[in-house]
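Structure first, commentary second.
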Amino acid sequence: MEQEIDSPLNESIPVRPWVRYWARYFDLTLFGLFYVFFTTLFFPLSFFQIWDYLLEATTPFLWVFSESFLLVFFGTTPGKVLLNIRLLKTTDKEIKIAQALSRSFKVWWRGLGTGIP
């Protein structure tokens, strides 16, 4: 059962938590692949057991900054584009970096639980 929210344009928009979840999962996976690739490219001997844990712990945190950058400059992320999700703003103004960082940190803290399973 989908919930609906009222948009600033008085349109009824369905809330799709699973679609948002899969978009975020896609974004984190894609970011993780690039992060691991470039890390091993520049530090080839660093793949020891502790390094794996460090990468797993830092990937969701570093995604906060990458997501904020994408939201400010492009207004979306690859996962949101793939699953046709868009951010609704109450005004026609562009999203500011402070708003994007605040949003991403809240999702990281509350939504992802800082990446701790």
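The values are calculated or read from the model by the stated rules, or taken from the named source; none is laboratory data. This is a predicted model, so every value here is computed, not measured. A quick note on method: Cβ atoms are made from the backbone with ideal geometry, for glycine too, and the neighbour counts reach across all protein chains shown. Accessible surface areas use protein heavy atoms only, side chains included; no ligands, DNA or RNA. Shrake-Rupley method; radii C 1.70, N 1.55, O 1.52, S 1.80 Å.
Some observations on this one:
- The set of residues in segment 84-104 that are among the aliphatic types (A, V, I, L, M) and either touching a strand residue (DSSP E or B) at 6+ places or on another chain (Cβ under 7 Å) or loosely packed, with under 15 Cβ neighbours inside 10 Å (or both) comprises Leu87, Leu88, Ile97, Ala98.
- Scan of segment 71-103 for residues that are in a helix (DSSP H, G or I) and in contact (Cβ under 8 Å) with a residue 40 or more places away in the chain, ordered by number: Pro78, Gly79, Lys80, Leu82
- Some residue of segment 48-57 being within 22 Å of Leu88 (Cβ to Cβ), open to solvent by 40 Å² or more (accessible area, probe 1.4 Å), modelled with pLDDT under 90 and not in a helix (DSSP H, G or I): no
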